[in-house]
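Since the structure comes first, as C-alpha cells, the remarks are kept for the end.
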C-alpha cells in the first residue's frame, strides 16, 4: 500500500489527540447515521409485527374489507394448536429439517475435509461446487420438476444408469412416499456447499502445530480426528446448522415450485400451509396467529441453540 | 422546445383519435388466463381498437397461477386490470367485496339485455346473489368440461373386435360413466401401432382447482349435491350421500386403473400433452380447447372425436367459463365499459365464435346452423343444458382449497376412504360457513 | 509450503481427495449444465428419451422466450409473405406466427430496477449505520445490532401479511417503489452486519490523522473511510443484489404485473400445449448466469457474506 500523507500522520500521531473535532458532534453524526436504518426497520418490521399481533386476536379477513372485525380472544391460537392438519405440516417440516441438515452436515463436512487435503486446483473446484447455492431457489425448483420427470428427466435417468431401475417406474414428485425425499434431495444439492464452506473455514482455522504436537505424542490419525479436528470444527458446524435450520424452517420458494405441497399434503411445509391460510383462504386473523406461533418457535429454538453454541465456543 | 413539439404531436394524435370516438383514447389492460381463446380475443379486439381508438394491452396468466394472482390483485386493490375475465366462482366475492362494477345501469342505458344471453350463462357468470337481476359481468366465454377421444383408434377393426369380445357391445363413445371406465380400462396398457397406450387423461392437479373440476365431472352425474335445499347450506346427506361416495370411489378407480402413470398432478396442459403425444385414448378437458385440438396437425381432424360428459344417475357437466367484468379500482372505467358495449354486439359475438371463442349470445347459439358449425358444437349445447358449478360464495377460495385437499388426499395420496373424505369436507365447509355467519 | 511438514497430506491422499471432490463437483453441476443446454435444444430434443447429450443446437427456446405466438392453418401460412427475419423463420417452421413480444423482457427489467434500486439504498443506509456502530458509542448498541439481525428470522410469508395490508393502504402494491423499500428493509440487516465487519478492520488511526489535519468527522468518513472500505462495500452490494435478484415469496405475493420480477414469472412460461422447457431453460439461463459470474468474482468474500460476517476466513 502506498504511503500517503495521511498514513504518515496516522503513524506519527497518538490516538488521544483525536478528541477535538470540528463540525457536527459525534453524537449527532451517530444518531444521523443510524436513524434511517432503525426507522426503516421499525416501519417495515416492527410496526407490521405489532399489527400482526393485534390481528391475531381478530377474525379479520383481508379480502372482506367491508365485514365487521371482531375480537375473538385466543380462539385463533386455540384452533391452530388443536388442528390435526397443522400438526401434519409440522411433521413434514420436521422431516425436511432433520434430513436436510443431517445430509448437508455429513456431505458438507466430508467435502470440506477432502478439499482441505489441499490437492491441486482445489480453489477452482470449491468455487464451482458453491454455484448452486447462490441461484434463485424458485427458478431452480421449477427446473428440477423437469429433471424429476419420469422417464425423460435427468434425475430418473441418472438413477436408472447407476442402479438399473426402469426410469419410468418411479416418480419423485408424484409419489406419496418419494416426494418428501425429492425436496430433501434438491435442498441438499443446493445447500451442501454452504455447510462445506463453513466447515472448510473451521478446518483451516486449526493451526498445524496442534497436529504436529499430536504426532509427537504418537496419537493415531483416527484419534487426532476425533480429539482435534471434530471439536475444533464443532462451533463452525453448529453455526452452519443454525443458519440452515432457520432458513429451512422458513422454506417456501423451492418447495412450492417443486411440489406445491403435494401429493395430497405430504410436502406441505408450514410456510406453504401459512401461505394457503393467509393468501388463498384469506383468513388473515387466523394466519396472523399462525405467523406469531411460527415466529415464537423459531426465535425460541434459535435462542436456546445460540446459548448452546456459545457454551461450545467457550470450551 | 423539444418537449413542446412532442406535446403538440401528442395532442394532434389525440385529436385525430377524437374523430372516431368522442371519448379520450385510453390504454386498457384486459386480464385473463393464458390459453387458446385468449389469443382469439387478441385478434378480435383489433376491431375494437380501430373503432374506438383505445389501445388494448393484455395480461394473460397461466391457469395454475390465474386465480391466485388475480384474486390477490383484486384484494390488494390493484390497478393492473381494467377489464377482467374472471372465473365464474369469483362473482360472489367480486360483487360483495366491491371488486367488480355493477353493470345494471350501464346495461339499461346502452340497451343491453341479459335476455339475449343463454340463461344458464347469465345465471352462472353474471348474477349475484345467484339468480337475482344484479349483474356484475357480461357472459363472455361459455365453457364446460367435456371429453375427446382418438376416433382413429376407436375405428380400428381389430380393436373393435377385441372390445366386442370382451364387453359384448360395440366400441363407441361412452353414454354413461360406467362405460367410460370400461373403455378406459380396455385401452389401459394396450399396444397400438407399436406403442403402449393408456385409457384416459383426467384432472388430478392439487395446486389450484384441477382435481375438484375433474372429480365433480364424476360426482355430479352420480348425484352429488352441495345442499339438500338450495341456499340453506345443509350439506349433510347431499355432499356425503351414498351416490356422492360412489361417485368419488368411481373417480379414484378411474384414476387408478385407467390413466397413464405419472399423472398425479395433471390439469389442462397435462391432459392436452397426454392426448397430443398419443399416450391416451380419451381425455377430459374444457370445451375451450376443442377448436385448437380439432385443428391440431397430429391428432386433430379425422383422428379426433368429441363427446359430452357421460351421465350416470343423471346428466350433468362441470361448468367452466367466465364473464367479463369492469374492475372497480380501474381509472379507465368508461373506456372499459366501451369495450363491454362493443363486445355485446351480435356481430362481434358471431365473429368471436368463428375465431374460437364460445359465445353465450342467443343469436349465435340459437342459429340453426350452429350445431353443424363445428364437430363439438352440438355437444357444447348439450353440456350447457345440464351444467353445475362449484360454490360461488365470497368464501369460494377457502371452500375450494378444502375440497382440493380432501380429494387429493383420498384419490392420489391414498388416505382414508371416500366416505371419510366427504365427511371431512362437510366439516371444513361448515367451519367456513360458520365463520361467514351463514350457519 | 516449501518445508516438509508432517501435517501436509501425502500425494496419494491428495489424489484420492481430488478425485472424489471433482466427482462430486461434476455430479452437482450436471443440473446446471442441463439448464444451459436445454435452452439450446428443440422442444422435441428436450423431452427425448433417453435424454440427449448430443443434439443439434437451436435458438427456438430463446425465440419462444421473447415472443408470443399463434398457430395458423397451413393455408394462411402459405398466404403470408416470406419471413423477414431468422426468428420468424423458426416460428413459421412450427406452423405459427409471431403475435408480439413476450413479457420476459419487462420482468427482467423489473428485476434489474428493483435489484439495483434496493441494493443502492441498503448499501447507502447500511454504510452509514455500520460506520456509526463501528466508531461511536451508540446506546444499546448490541441490542440494536441483534434487533437488526433478528428481523431476518421471521418467515417471509408471515411478514407479508401486514406488509400486504400496509401496501394496499398506501397504494404501494405492485409498484417498483414498494418493492425497493421492502427489499431494502430485508437487505439492510445483512448490509449493516457485513459492513460493520469491514469497517472494523480499517484502522481508526487513519481517520484520527485526518481529523488532526483539519477534516471534519464527516469529511474523514467520506474521504478516508469510504475509499478504504470500497472492496467491502462492493462485495456487500453484490450480496444484496443477489438476494433481491433471487427473492420469490414477497414478489409472488405483492406484485402481479407492473412490478413483477423474473423469479415468479419464469415458472409460468408456458408454450402452446404444455410447459415449453427450452424456453423455461432459456429464461432461467439468462437469469442465473449473472449470479454465477458474481459468485465467481466474489469467491474471496463468499463465506463472510453468507454468514452475515460471522465467519471471516
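The values are calculated or read from the model by the stated rules, or taken from the named source; none is laboratory data. Since this is a predicted model, take the numbers as computed values, not measurements. Every residue, glycine as well, gets a Cβ built from its backbone with ideal geometry; the counts of neighbours run over all protein chains shown.
Tally the residues that are in a helix (DSSP H, G or I) and either touching a strand residue (DSSP E or B) at 6+ places or on another chain (Cβ under 8 Å) or closer than 20 Å to residue A:112 by Cβ (or both), restricting the search to region A:203-213. Show your work before the answer.
Residues of region A:203-213 in a helix (DSSP H, G or I): A:203-204, A:208-213.
Keeping just the survivors that are either touching a strand residue (DSSP E or B) at 6+ places or on another chain (Cβ under 8 Å) or closer than 20 Å to residue A:112 by Cβ (or both) gives A:203-204, A:208, A:210-211.
Result for region A:203-213: 5.
Which of the residues spanning region B:149-191 are touching a strand residue (DSSP E or B) at 6+ places or on another chain (Cβ under 8 Å) and either assigned to a helix (DSSP H, G or I) or assigned by TED's automatic domain parsing to the domain that holds residue B:365 (or both)?
To start, the set of residues in region B:149-191 that are touching a strand residue (DSSP E or B) at 6+ places or on another chain (Cβ under 8 Å) comprises B:149-151, B:153-154, B:156, B:159, B:173-177, B:180, B:183-190.
Once the filter is applied, which keeps residues that are touching a strand residue (DSSP E or B) at 6+ places or on another chain (Cβ under 8 Å) and either assigned to a helix (DSSP H, G or I) or assigned by TED's automatic domain parsing to the domain that holds residue B:365 (or both), region B:149-191 yields B:151, B:153, B:154, B:159, B:177, B:180, B:183, B:184, B:185, B:186, B:187.
Please verify whether residue C:237 is at the interface with another protein chain (Cβ under 10 Å from one of its Cβ atoms), touching a helix residue (DSSP H, G or I) at 6+ places or on another chain (Cβ under 8 Å) and assigned to a helix (DSSP H, G or I), treating the condition exactly as stated.
no
Is there a residue being facing chain A (nearest Cβ under 10 Å), in contact (Cβ under 8 Å) with a residue 40 or more places away in the chain, within 26 Å of residue A:108 (Cα to Cα) and part of a loop (DSSP other than H, G, I, E, B) anywhere in region C:245-255?
yes
Mind listing whichever residues of region C:32-75 are out of contact with any strand residue (DSSP E or B) (no Cβ under 7 Å at 6 or more places or on another chain), over 22 Å from residue C:104 (Cβ atoms) and surrounded by 15 or more Cβ atoms within 10 Å (Cβ to Cβ)?
C:51, C:52, C:55
In region C:276-297, which residues are at pLDDT below 90, buried (at least 20 other Cβ atoms within 10 Å of the Cβ) and at the interface with another protein chain (Cβ under 9 Å from one of its Cβ atoms)?
C:277, C:295
Got a sec? Which helices (runs of 4 or more DSSP H) wholly within region A:1-101 have at least 1 residues that are out of contact with any strand residue (DSSP E or B) (no Cβ under 8 Å at 6 or more places or on another chain) and modelled with pLDDT of 90 or more?
A:26-41, A:47-55, A:75-81
Identify the single condition in (1) in a helix (DSSP H, G or I); (2) facing chain C (nearest Cβ under 8 Å); (3) over 16 Å from the mean Cα position of the chain (by Cα); (4) farther than 22 Å from residue A:236 by Cβ that residue A:151 does not satisfy, given that it satisfies every other one.
The number of the failed condition is (1).
Taking the options A:97, A:114, A:135, name whichever one is within 14 Å of chain C (Cβ to nearest Cβ), without any contact (Cβ under 8 Å) to a residue 12 or more places away in the chain and in contact with a helix residue (DSSP H, G or I) (Cβ under 7 Å, 6 or more places away or on another chain). Show your work before the answer.
Working: A:97 fails: without any contact (Cβ under 8 Å) to a residue 12 or more places away in the chain; A:135 fails: without any contact (Cβ under 8 Å) to a residue 12 or more places away in the chain.
A:114 is the lone residue from the list that is within 14 Å of chain C (Cβ to nearest Cβ), without any contact (Cβ under 8 Å) to a residue 12 or more places away in the chain and in contact with a helix residue (DSSP H, G or I) (Cβ under 7 Å, 6 or more places away or on another chain).
Being more than 26 Å from the chain's Cα centre (by Cα), away from chain A (no Cβ under 14 Å) and surrounded by 11 or more Cβ atoms within 10 Å (Cβ to Cβ) is the requirement here; does residue C:90 meet it? Don't jump to the end; show me each part of the working.
Details: more than 26 Å from the chain's Cα centre (by Cα): yes; away from chain A (no Cβ under 14 Å): yes; surrounded by 11 or more Cβ atoms within 10 Å (Cβ to Cβ): yes.
In short, yes.
Please give the number of the condition residue C:304 fails out of (1) crowded, with 21+ Cβ neighbours inside 10 Å; (2) in contact (Cβ under 8 Å) with a residue 12 or more places away in the chain; (3) more than 30 Å from residue A:233 (Cβ to Cβ).
(3)
Answer yes or no as to whether residue B:288 is more than 22 Å from residue B:322 (Cα to Cα), surrounded by 20 or more Cβ atoms within 10 Å (Cβ to Cβ) and touching a strand residue (DSSP E or B) at 6+ places or on another chain (Cβ under 9 Å).
Numbers: more than 22 Å from residue B:322 (Cα to Cα): no; surrounded by 20 or more Cβ atoms within 10 Å (Cβ to Cβ): yes; touching a strand residue (DSSP E or B) at 6+ places or on another chain (Cβ under 9 Å): yes.
When the stated conditions are applied, residue B:288 does not pass them.
Taking into account only those residues within region C:4-28 that are facing chain A (nearest Cβ under 7 Å) and surrounded by fewer than 14 Cβ atoms within 10 Å (Cβ to Cβ), which is modelled with the lowest pLDDT?
Among those that are facing chain A (nearest Cβ under 7 Å) and surrounded by fewer than 14 Cβ atoms within 10 Å (Cβ to Cβ), it is C:5.
Quick one: would you say residue C:198 is surrounded by 23 or more Cβ atoms within 10 Å (Cβ to Cβ), within 25 Å of the chain's Cα centre (by Cα), more than 8 Å from chain A (Cβ to nearest Cβ) and over 27 Å from residue A:269 (Cβ atoms)? Step through it out loud before you land on a result.
Working: surrounded by 23 or more Cβ atoms within 10 Å (Cβ to Cβ): yes; within 25 Å of the chain's Cα centre (by Cα): yes; more than 8 Å from chain A (Cβ to nearest Cβ): yes; over 27 Å from residue A:269 (Cβ atoms): yes.
For residue C:198, the condition - surrounded by 23 or more Cβ atoms within 10 Å (Cβ to Cβ), within 25 Å of the chain's Cα centre (by Cα), more than 8 Å from chain A (Cβ to nearest Cβ) and over 27 Å from residue A:269 (Cβ atoms) - is met.
Can you go through B:108, B:96 and tell me which one is out of contact with any helix residue (DSSP H, G or I) (no Cβ under 9 Å at 6 or more places or on another chain), within 15 Å of residue B:396 (Cβ to Cβ) and in the same structural domain as residue B:360 (by TED's automatic domain parsing)? Let's see the steps before the verdict.
On the way: B:108 fails: within 15 Å of residue B:396 (Cβ to Cβ).
Step by step, each of B:108, B:96 is checked, and only B:96 is out of contact with any helix residue (DSSP H, G or I) (no Cβ under 9 Å at 6 or more places or on another chain), within 15 Å of residue B:396 (Cβ to Cβ) and in the same structural domain as residue B:360 (by TED's automatic domain parsing).
For residue A:218, all conditions in the list (1) more than 10 Å from chain C (Cβ to nearest Cβ); (2) closer than 23 Å to residue C:301 by Cα; (3) not in a helix (DSSP H, G or I) hold save one; what is the number of the exception?
Among (1) more than 10 Å from chain C (Cβ to nearest Cβ); (2) closer than 23 Å to residue C:301 by Cα; (3) not in a helix (DSSP H, G or I), residue A:218 violates only (2).
Within region A:70-84, work out how many residues are over 13 Å from residue A:287 (Cβ atoms) and either surrounded by 15 or more Cβ atoms within 10 Å (Cβ to Cβ) or without any contact (Cβ under 8 Å) to a residue 40 or more places away in the chain (or both). Write out each step before concluding.
Step one: of region A:70-84, the residues over 13 Å from residue A:287 (Cβ atoms) are A:70-75, A:78, A:81-82, A:84.
Okay, now just the ones that are also either surrounded by 15 or more Cβ atoms within 10 Å (Cβ to Cβ) or without any contact (Cβ under 8 Å) to a residue 40 or more places away in the chain (or both), so A:70-75, A:78, A:82, A:84.
Counting residues in region A:70-84 that are over 13 Å from residue A:287 (Cβ atoms) and either surrounded by 15 or more Cβ atoms within 10 Å (Cβ to Cβ) or without any contact (Cβ under 8 Å) to a residue 40 or more places away in the chain (or both) gives 9.
If I filter region C:160-172 for residues that are assigned to a loop (DSSP other than H, G, I, E, B), within 14 Å of chain A (Cβ to nearest Cβ) and either over 30 Å from residue C:269 (Cα atoms) or in contact with a helix residue (DSSP H, G or I) (Cβ under 7 Å, 6 or more places away or on another chain) (or both), do I get at least one hit?
Yes, region C:160-172 contains at least one residue that is assigned to a loop (DSSP other than H, G, I, E, B), within 14 Å of chain A (Cβ to nearest Cβ) and either over 30 Å from residue C:269 (Cα atoms) or in contact with a helix residue (DSSP H, G or I) (Cβ under 7 Å, 6 or more places away or on another chain) (or both).
For region C:204-234, name all the residues that are assigned to a helix (DSSP H, G or I), more than 11 Å from chain A (Cβ to nearest Cβ) and more than 28 Å from residue C:260 (Cα to Cα). Before the answer, list the steps.
At the first step, the residues of region C:204-234 found to be assigned to a helix (DSSP H, G or I) are C:204-212, C:217-228, C:230-234.
The next check asks that each one be more than 11 Å from chain A (Cβ to nearest Cβ); those that pass are C:222, C:225-226, C:230-234.
Of everything in region C:204-234, those that are assigned to a helix (DSSP H, G or I), more than 11 Å from chain A (Cβ to nearest Cβ) and more than 28 Å from residue C:260 (Cα to Cα) turn out to be C:222, C:225, C:226, C:230, C:231, C:232.
Is it fair to say residue C:242 is over 24 Å from residue A:279 (Cβ atoms), under 23 Å from the mean Cα position of the chain (by Cα), modelled with pLDDT of 90 or more and at the interface with chain A (Cβ under 10 Å from one of its Cβ atoms)?
Working: over 24 Å from residue A:279 (Cβ atoms): yes; under 23 Å from the mean Cα position of the chain (by Cα): yes; modelled with pLDDT of 90 or more: yes; at the interface with chain A (Cβ under 10 Å from one of its Cβ atoms): yes.
When the stated conditions are applied, residue C:242 passes them.
Okay, residues lined up against (1) more than 10 Å from chain A (Cβ to nearest Cβ); (2) at pLDDT 90 or above; (3) at positive phi:
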residue: C:143; (1), (2), (3): yes, no, no
residue: C:155; (1), (2), (3): no, no, no
residue: C:176; (1), (2), (3): yes, yes, no
residue: C:181; (1), (2), (3): no, yes, no
residue: C:202; (1), (2), (3): yes, yes, no
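What is the one condition in (1) within 18 Å of residue B:218 (Cβ to Cβ); (2) assigned by TED's automatic domain parsing to the domain that holds residue B:226; (3) under 20 Å from the mean Cα position of the chain (by Cα) that residue B:412 does not satisfy?
The single condition residue B:412 does not satisfy is (3).
Can you say whether residue A:123 is within 9 Å of another protein chain (Cβ to nearest Cβ) and surrounded by fewer than 17 Cβ atoms within 10 Å (Cβ to Cβ), as far as the supplied structure shows?
Numbers: within 9 Å of another protein chain (Cβ to nearest Cβ): yes; surrounded by fewer than 17 Cβ atoms within 10 Å (Cβ to Cβ): yes.
Criteria met by residue A:123.
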